[in-house]
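Data first, discussion second: the structure below is written as structure tokens.
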Amino acid sequence: METNLKKSISFYLDHKDQYTDNNQVGLSGFQKECLTQKYKYINQVSNDWNSLYQDFNIVDTYKEISDVFANILWGNNYNNSTITEIDNINCNDSTILTLNYTLPSKKENFLNENYINEQRVKYLRSNISNRFLNLLKNEYFEFGFVSDSELILMSEIQINRIATLTWLNELFIENIESLEITCGILRNISRLDEQIARPYGHTLAMAAINHKNDEIKELGVRIFENWASKDSIKILKNIDTNQNWLKVYINEVIRDIESNGILS
Amino acid sequence: MEYLVRKINLAKWKCKIGNDIGGDAITGCLRTSSNKISVWIAEDDSNYYNAILAMISTQERFETVDFVIFKTEDIKSKGLGIEKTPGKTPVKDLIDTHVDLVEITYSKLGHLKDIIEKIIEDEKTIRITRAKSIEIVKRAIETQQLLKEDLNDGLKKHL
């Protein structure tokens, strides 16, 4: 990601002298206007990114934005990019609209953490939710083996952990009546490192233990069992249940964690 | 007498619809491939650790897992065929302790379901907790039954 961002910025800065009227021979007035607007926009964005990169080094937060930028500049062909390819970008107002939709329109939004996270959650809702939920409903799951939905979740968490957990929390609430989706979300949480899942994972696991369905209750305990941490013991010791099988399982997990040491 | 061991998702068997086992238990735990179901051989019903080792050592994560153990003769008496095939496990001396239940049909699947349901009713399932799984694999490495390097990275990091 960092490479893409650096490439995006440095490539533009290295070639910006070539963004002149000489390269616009044969274009219509409308196309010229679009190009001018686009370069102006890219210039602004590049400067903003460059200063953000240098001043704050907050590169990770901007992965998606920088990828979009890199894509707009030279499509999927990052390595062989040339100025010609840049000029081959479709010059129409939809490009400008795409840029304006995808990127914060004001410089201050680059520094607005709420804006960034909200945009990311919106993205997850509109682009990932359906695929993820379908997998949870239909994928073959076996304890001990990595599932496809887990791979999606991990990849999104690497981009923006907080926004992804917020989105997952939303999905959990929205689908609390669906056994397969609720179970799927809990299985996925149980496979995250505790530090990554914190604090939403703990809350969801506790909510699961209080669910009326036994399978969901068990998955809630499994999460703490997998984390095997001080917090796991603390939480499990404070769970009150009158279901014998659940008590037995919880006590077994507490005993295992205490006797084998804290794992995380 | 030989016994056979199969991994199941116990929670799916406990979520009944009325008095019947839910479809998820059948399609999830008795999933066939080429009309075969993979099981591991145990010497007897109290000496099943090798069969369990064979299975958990193929995993990508340590997690609590439930198993059922049934007599080979119970399987045969229901008309289910058994065929010895090499098992997929990093424990080399256990590769030949694997069999497939073969030519599984809809009705034979029903017989298998009945056998497992009875084991669950009798509370004779075996639960191997996550901690116990780690212990089993660690012991196998210590006794050189298994090489750590042959395990998935997801297991190695906990050993």
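Read-outs throughout are calculated quantities, based only on the coordinates presented, and are distinct from any laboratory measurement. Keep in mind that what you see is a predicted model, and the values were worked out from it rather than measured. For neighbour counting, all protein chains shown are included, and Cβ atoms are generated from backbone atoms with ideal geometry for every residue, glycine included.
Miscellaneous remarks
- Annotation: the residues A:Ile181, B:Ile120, sorted from fewest to most other C-beta atoms within 10 Å of their own C-beta, follow the order B:Ile120, A:Ile181.
- Residue-count net charge about A:Trp167 - beta-carbon cut-off 12 Å; Lys, Arg +1, Asp, Glu -1: 0
- Expected 222 nm ellipticity per residue - DSSP helices of 4 or more, -39500 (n - 2.57), all of chain B, to 500: -10000 deg cm²/dmol
- Legend: residue pairs B:Lys12/B:Lys118; B:Lys36/B:Lys132; A:Lys217/B:Lys157; B:Lys78/B:Lys124; A:Lys212/B:Lys14; B:Lys14/B:Lys138, Cα-Cα distance threshold 22 Å; pairs beyond threshold, B:Lys36/B:Lys132; A:Lys217/B:Lys157; B:Lys14/B:Lys138.
- Karplus-based coupling profile of segment A:241-251, in residue order and whole Hz: 9, 9, 8, 4, 4, 6, 4, 4, 5, 4, 5, with θ = phi - 60° in 6.51 cos²θ - 1.76 cosθ + 1.60 and x standing for Gly or Pro.
- Note on segment A:184-251: percent of Cα-Cα distances in each 10 Å bin, starting at 0 and stopping at the bin with the largest distance, equals 22, 61, 17, 0.
- Total formal charge among the other residues, if their Cβ is under 11 angstrom from that of A:Arg198, Lys/Arg +1 and Asp/Glu -1: -2
- Stretchable slack from A:Leu179 to A:Phe145, in nm (0.36 nm times residue separation minus alpha-carbon distance): 10.2 nm
- Spatial separation of Cα centroids for segment A:203-264 and segment A:132-154, in angstrom: 22
- Result for chain B in a Gaussian network model with C-alpha springs under 10 Å: among B:Asp114, B:Asp44, B:Asp122, the largest mean-square fluctuation is at B:Asp122.
- Cα Rg over Rh - segment B:1-73, Kirkwood: 0.99
- Annotation: amide H of B:Ile8 within the under-5 Å range of B:Asp66, B:Phe67, B:Val68, sequence separation 5 or more or interchain, hydrogens built in the peptide plane.
- Placed amide H near B:Gly81: partners under 5 Å, 5+ positions off or other chain: B:Val102
- Dimensionless Rg/Rh of segment B:9-159 - Kirkwood Rh, Rg from C-alpha atoms: 0.97
- Listed peptides A:241-251, B:60-70, A:204-214, B:45-55 by packing density, highest first (mean Cβ within 10 Å): B:60-70, B:45-55, A:204-214, A:241-251
- Here the residues A:Glu252, A:Glu177, B:Glu73, ranked from fewest to most Cβ neighbours within 10 Å of their Cβ, fall in the order A:Glu177, B:Glu73, A:Glu252.
- For segment A:181-193, backbone phi angles converted through the Karplus equation (6.51, -1.76, 1.60; θ = phi - 60°) give residue-by-residue couplings of 6, 4, 4, x, 4, 5, 4, 5, 4, 5, 9, 7, 5 Hz, Gly and Pro being listed as x.
- Phi angles of segment A:210-223 translate, via the Karplus equation with coefficients 6.51, -1.76, 1.60 and θ = phi - 60°, into HN-Hα couplings of 8, 5, 6, 8, 5, 5, 5, 4, 4, 5, x, 5, 4, 4 Hz per residue; Gly and Pro are given as x.
- Environment charge at B:Leu147 (Cβ cut-off 15 Å; Lys +1, Arg +1, Asp -1, Glu -1): 0
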